[in-house]
1. Write out the trypsin sites (Lys or Arg not before Pro) in segment 1-108 meeting two conditions: DSSP loop, and at most 10 other Cβ atoms within 10 Å of their Cβ.
2. In a solvent-free Debye calculation with one equal scatterer on each Cα, what is log10 I(q)/I(0) for the chain at q = 0.10, 0.14, 0.19 Å⁻¹, listed in the order of the q values?
3. From the square roots a ≥ b ≥ c of the eigenvalues of the alpha-carbon gyration tensor of segment 98-191, which class results: rounded (a/c under 1.5), prolate (a/b over b/c), or oblate?
4. State, as an integer percentage, the relative contact order of segment 2-191 based on alpha-carbon contacts under 8 Å between residues 6 or more apart.
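Rule-based calculations on the coordinates, nothing more; no lab input. Nothing here was measured: the structure is a model prediction, and the numbers come from that model. Cβ sites come from the backbone with ideal geometry, for glycine too, and all protein chains shown count toward neighbours.
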Amino acid sequence: MLEAKCLTFGYPRQPAIVDGVSLTLRPGEITGLTGPSGCGKSTLGRLLAGVLKPQSGSIQLAEPRGGVNPVQYLHQSPIFAVNPRWRIGRIIEEAWAPDEATREALGVSRDWYNRFPHEISGGELQRVAILRALAPEVRYLIADEITAMLDPITQADIWSFLMQRSCEGLSILAISHDRHLLQRIASKEITLTRLE
Ligand SMILES: Nc1ncnc2c1ncn2[C@@H]1O[C@H](COP(=O)(O)OP(=O)(O)OP(=O)(O)O)[C@@H](O)[C@H]1O
């Protein structure tokens, strides 16, 4: 279980954008996170993943953060999250060596392994990013608008894979503006409001 209590964070020389937020992510649950543009959803996601440090509050995790981070953050635009000079095979295997069943379930083709990120499509690269994030130690996935730029079929494929993973115990925070998507996939929903 991941338990965040009273998190507060502001970027340098700016007022707090996350102010006193508490939430709990439980194994096997998909939690939706929504709210108006700029209210701090991505910032909160990065705090939970340990990419940013809260100025106050705490994040308690059942699992240790040493080695592979059990909380993985997935970006809307995976191109910004990969080294453009590395081939896909190296990008994936830097993180872990996925089993064939997981690779195939996610629809990641072996043919892509020898290509560079700009030589596969955005949807294909998002599948690669998800595969890379799903090392066995990973218990929480912060999925930040991960299918917002993809066609409905790819979106449905990716979420049906992730819902299966959630049934097997993965906890997912799905950040999205798409209320219909969240109603379909999430068992609970949190709405952030913009601080004035
Ligand atoms: N690195 C940064 N430095 C300074 N300000 C930032 C930085 N990243 C984000 N912000 C600001 O913090 C606020 C919250 O941004 P954040 O990306 O968390 O919002 P969001 O709710 O995810 O927005 P959206 O729904 O549009 O993706 C915004 O006003 C943004 O301009």
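1. Here the trypsin sites (Lys or Arg not before Pro) that fit, given the DSSP loop and packing criteria, are ARG13, ARG85.
2. Normalising to I(0) and taking log10 leaves -0.40, -0.80, -1.40.
3. The shape class here is oblate.
4. Numbers: 330 pairs, mean separation 60.9, N = 190.
Relative contact order comes out at 32 percent.
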